[in-house]
Amino acid sequence: MKILIAEDDTTSRLLFSATLRKLGHTVTAVEDGHEAWKAWQQGEYPLLISDWMMPNIDGLQLCRMIRGEPGLQYTYVILLTSLDSKGSYLEGMDAGADDFITKPFDEEQLAARLRVAERILGLHNRLHIQATHDHLTGVWNRGAIMAYLQKELERGSRQGTCISVIVADLDHFKRVNDTYGHPAGDEVLQEAARRMGLALRGYDRIGRYGGEEFLITALGGDGSQAEALAERVCCSIRAEPVNSRFGKIPMTVSLGVATGYGQSEDAGMLISAADEALYRAKKAGRNRVETSTRKV
Ligand SMILES: [Mg+2]
């Protein structure tokens, strides 16, 4: 497990780091709350072990800051307390701590606490996946892709970077359901999501927006990369029919692309621009990409 440890006492920090490494964990050790906050924001740490008493930002504050920033992954927080500490556990729990370890620590007890942490994190991850993914296709659901887009738009407007959205709508999907039945339609949706996923690059994300409609986000660039991505998706869907249990089903997709230039944080505006482009693609005969000329 990837563990972040924040402890201002050098001996204790080294001892914790060595023990955790011996237990097979990957450890990043920092010496105060400020450094911990920076490290936590940069990397995804499922587990933070933080001393309670530290200069600048103490363990409680750090805990509150982390809880105030709901990320995609839950961070399990263990606070370190001294035997003579007057700190109240209730205060720590209110700040969002999950567990407490008293210094000096016992190695077996630490290992046992970590097993509990792993159990809780595993459960949390499973629930998180269920809540953010579309059951049929396995890609993100509408809520998850929209939350991601919103977050990236806010970041884009702070940093002045581009974000493109692609709305992809399978052509004549109702005909598939009517001709081959709904189970065949499900297979087509699964295969379409799989092919779209393969066309993505590292920072692109995809979610199922509704019925046969998918939303893809592409960060950075100037919009032309998003257009190229949309073309790749279009090609990969039309390339060969979907080989379903109900026979080979030919499929095409229409796509609308819109790019935001860091001016607006309005996801709705960007999506409606992409929707307009999609509408043009449909009107122009489907199985193609159209790009919005609207400045968003
Ligand atoms: Mg301390």
Answer yes if at least one residue in segment 125-143 is in contact (Cβ under 8 Å) with a residue 24 or more places away in the chain, in contact with a Leu (Cβ under 7 Å, 6 or more places away or on another chain) and within 16 Å of the ligand (Cβ to nearest atom), and no otherwise. no
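Of all residues in segment 24-35, how many are more than 12 Å from the ligand (Cβ to nearest atom) and either closer than 11 Å to ALA6 by Cα or assigned to a loop (DSSP other than H, G, I, E, B) (or both)? Give the derivation first.
So in segment 24-35, the residues more than 12 Å from the ligand (Cβ to nearest atom) come out as 24-30, 34-35.
Those still in the list that are either closer than 11 Å to ALA6 by Cα or assigned to a loop (DSSP other than H, G, I, E, B) (or both) too: 24-25, 27-30, 34-35.
So the answer is 8.
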Among the candidates LEU90, LEU72, LEU62, single out the residue that is closer than 19 Å to LYS2 by Cβ and either at pLDDT below 95 or away from the ligand (no atom under 13 Å from the Cβ) (or both). LEU72
Out of (1) farther than 22 Å from TYR203 by Cβ; (2) buried (at least 18 other Cβ atoms within 10 Å of the Cβ); (3) in contact with a Gly (Cβ under 8 Å, 6 or more places away or on another chain), what's the single condition that is false for ALA277? (1)
Quick one: is LEU80 buried (at least 19 other Cβ atoms within 10 Å of the Cβ), within 16 Å of the ligand (Cβ to nearest atom) and more than 25 Å from ILE129 (Cβ to Cβ)? yes
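Tell me the residue from GLU213, GLU187, GLU227 that is in contact with an Asp or Glu (Cβ under 8 Å, 6 or more places away or on another chain) and surrounded by fewer than 22 Cβ atoms within 10 Å (Cβ to Cβ), please. Steps first, answer last, please.
Numbers: GLU187 fails: in contact with an Asp or Glu (Cβ under 8 Å, 6 or more places away or on another chain); GLU227 fails: in contact with an Asp or Glu (Cβ under 8 Å, 6 or more places away or on another chain).
So the residue among GLU213, GLU187, GLU227 that is in contact with an Asp or Glu (Cβ under 8 Å, 6 or more places away or on another chain) and surrounded by fewer than 22 Cβ atoms within 10 Å (Cβ to Cβ) is GLU213.
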For a quick check of your reading of the model, give me the residue pairs whose first member lies in segment 40-62 and is farther than 19 Å from SER82 by Cβ and in the same structural domain as THR10 (by TED's automatic domain parsing), whose second is of a type in the set (Lys, Arg) and more than 12 Å from the ligand (Cβ to nearest atom), with beta-carbon atoms closer than 7 Å and at least 6 apart or on different chains. TYR45/LYS2; PRO46/LYS2
Picked from segment 1-23 (must be without any contact (Cβ under 8 Å) to a residue 12 or more places away in the chain and of a type outside the set (A, V, I, L, M, F, W, C)), the residue farthest from the ligand (Cβ to nearest atom) is LYS22
Can you confirm whether segment 91-105 contains a residue that is assigned to a helix (DSSP H, G or I), in the same structural domain as THR11 (by TED's automatic domain parsing) and either open to solvent by less than 50 Å² (accessible area, probe 1.4 Å) or at positive phi (or both)? yes
Restricting attention to segment 240-274, which residues are farther than 18 Å from GLY220 by Cβ, open to solvent by less than 60 Å² (accessible area, probe 1.4 Å) and not β-branched (Val, Ile, Thr)? PRO241, SER244, GLY247, MET251, SER254, LEU255, GLY256, GLY268, SER272, ALA273
Given segment 168-282, what strands (runs of 3 or more DSSP E) lie entirely inside it while holding 1 or more residues that are without any contact (Cβ under 8 Å) to a residue 60 or more places away in the chain? 213-219, 242-244, 247-249
Return the residues of segment 121-156 that are in a loop (DSSP other than H, G, I, E, B) and either open to solvent by less than 60 Å² (accessible area, probe 1.4 Å) or of a type in the set (Asp, Glu) (or both); say none if nothing qualifies. ASP134, LEU136, THR137, GLY138, VAL139, ASN141
Search result, residues across segment 149-204 that are of a type in the set (Ser, Thr, Tyr) and at pLDDT 95 or above: SER164, THR179, TYR180
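The values are calculated or read from the model by the stated rules, or taken from the named source; none is laboratory data. Values in this document were obtained by computation on a predicted structure and should not be read as measured data. For neighbour counting, all protein chains shown are included, and Cβ atoms are generated from backbone atoms with ideal geometry for every residue, glycine included. The protein model used for the area step is the full one, side chains on, heavy atoms only, and it has no ligands, DNA or RNA in it. Shrake-Rupley method; radii C 1.70, N 1.55, O 1.52, S 1.80 Å.
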